[in-house]
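Let me begin by presenting the structure, written as structure tokens, before commenting on it.
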Amino acid sequence: MMQLSILTNFQGEFAALLAAFFWSLSSVVYSQVGQKIPAIGLNLIKGIIAIALLLLTVVLRGSLFPDIELTIIGLLLLSGIIGIAIGDSAYFTTLKCLGPRRALLIETLAPPLTAILAFIFLQERLSLSAWLGIILTVLGVAWVITERVGEGVVGSTHLRRGLLFGLLAEICQAVGILLSHLALTQTEISPLWSTLLRLSGGTVVLLLWLFVKRENFNFVFKPLQSKRTFALIGLATFLGTYLGIWLQQTALKFTAAGIAQALNSTSPLFVLPIAASLGDRVSLRAIFGAIIAIAGIVLLFQGASN
């Protein structure tokens, strides 16, 4: 009974952590297949697959479209356009230029940025322990992923391009999350439908962009002729987009935007036990960084309960 109460009281926080776990798995896959498919193409493919999975879920659950105002629908579509169409495409470009570890380092900018924007535009006030938790979580994650690893030397052109697109990705992510949070907390719309609307908005804009540029869609779908590539993208989409964004939306509905985003950013920590189980050596620095981040997570839970 006690465990059920904890899950109910902190369902937003637990959803954010689970989303981070799934995103950690999918990021590794995306960084591999992203070398074969352009960022916009990969973003479009994952969007189409995830929308199909979400529509199937809606039918199986018999979930009717919610009776909400057009302005809320507009907020969610705009959130998808900014956060998914632009933000995810920029993030995939960052992955390609800098590799997953450096890309995830830039992603640690998102939690404080989201919290600050939520404070300015939504008057969302966090307790002192929540702010300390965000800072500790970000510092812990940053310490883990700034450790020197063999990702190779990044040329100055790739570095500048990666940093530019990384910054764009985090700004878009923060704005997209803020718009979603506003829509989810102002209405009774379910995280399932908000996820579907966000992905639909982002995917339609990507399709329109490719049509306007008169791109040959062959460059997008040709790599999918490889069964292995298709299977990897399908797996990454199921974990990181279908489940990941659904859980992210659940977190945004039931907890503060800054807290949700800080917990979402802990995905690098989940890579550590996976790496250890595969025989990789996990350094003391990585362990201490994880401990600092976990201390931050504890503070975030305390801040959420106040």
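Rounded to the nearest 500, what is the chain's calculated 222 nm mean residue ellipticity when only DSSP H runs of at least 4 contribute -39500 (n - 2.57) each, over all residues? Write out the running numbers ahead of the final one.
Working: 15 runs with 236 residues, N = 306.
Only helices count here, giving -25500 deg cm²/dmol.
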Distance cut-off 31 Å, percentage of C-alpha pairs in the chain lying past it | 26 percent
Work out the length of the dipole vector of segment 1-123 about its Cα centre, built from +1 on the beta-carbon of each Lys and Arg and -1 on the beta-carbon of each Asp and Glu, and round it to the nearest 20 debye.
-> 520 debye
Of Gln225, Gly140, Leu192, which is farthest on the positive side of the dipole of the chain, counting Cα position, with +1 on Lys and Arg Cβ, -1 on Asp and Glu Cβ, and the Cα centre as origin?
-> Gln225
Looks like segment 1-97, by Cα gyration tensor root eigenvalues a ≥ b ≥ c and the a/c under 1.5 rounded cutoff (else prolate when a/b is bigger than b/c, oblate otherwise), is oblate
Determine, for Val33, Val58, the number of other Cβ atoms within 10 Å of each Cβ, and report the residues in order from fewest to most.
-> Val58, Val33
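About the Cα centre of the chain, how large is the charge dipole given +1 on each Lys and Arg Cβ and -1 on each Asp and Glu Cβ? Please answer in debye to the nearest 20.
For this selection, approximately 980 debye.
Compute the whole-percent fraction of alpha carbon pairs in segment 202-273 spaced more than 16 Å apart. Don't skip to the answer; put the middle values down first.
Numbers: 1736 of 2556 pairs.
Value for segment 202-273: 68 percent of Cα pairs lie more than 16 Å apart.
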Ranked from fewest to most other Cβ atoms within 10 Å of their own Cβ, Ser24, Ser265, Ser63 fall in the order Ser63, Ser24, Ser265
Stretched fully, the stretch from Ile120 through Leu64 gains (0.36 nm per residue minus C-alpha distance, one decimal, in nm) 16.7 nm
Using the charge dipole of segment 10-96 (Lys, Arg: +1 at Cβ; Asp, Glu: -1 at Cβ; taken about the Cα centre), state which of Tyr91, Ala39, Phe22 has its Cα farthest towards the positive end.
-> Ala39
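If you stretched the chain out fully between Ile294 and Thr57, how much longer would it get, using 0.36 nm times the residue separation minus the C-alpha to C-alpha distance?
Values: separation 237, 0.36 × 237 = 85.32 nm, distance 3.33 nm.
82.0 nm is the gain from fully extending Ile294 to Thr57.
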Sort Glu170, Glu13, Glu69, Glu124 so the one with the fewest other Cβ atoms within 10 Å of its own Cβ comes first.
-> Glu69, Glu124, Glu170, Glu13
Count, lysine Cα pairs under 29 Å in the chain, 8 or more residues apart or across chains | 15
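Below 8 Å, C-alpha to C-alpha, sequence gap of six or more: please give me the relative contact order for the chain in percent.
On the way: 467 pairs, mean separation 128.2, N = 306.
For the chain, the relative contact order is 42 percent.
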Applying the Karplus parametrisation 6.51 cos²θ - 1.76 cosθ + 1.60 with θ = phi - 60° to the phi angles of segment 15-31, what ³J(HN,Hα) value in whole Hz is obtained for each residue in order, glycine and proline being reported as x?
-> 5, 5, 5, 5, 4, 4, 4, 5, 5, 4, 5, 6, 4, 5, 5, 4, 5
Note down the nm distance, to one decimal, between modelled labels 7 Å out along Cα→Cβ at Ile287 and at Val204.
-> 5.2 nm
Shape call, segment 60-125: gyration tensor on alpha carbons, a/c limit 1.5 | oblate
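FYI, it's all coordinate maths here, none of it is from the lab. Computed from a prediction, not measured in an experiment: that's the story for all the values here. Ideal geometry is used to build each Cβ from the backbone, glycine not excepted, and the neighbour counts take in all protein chains shown.
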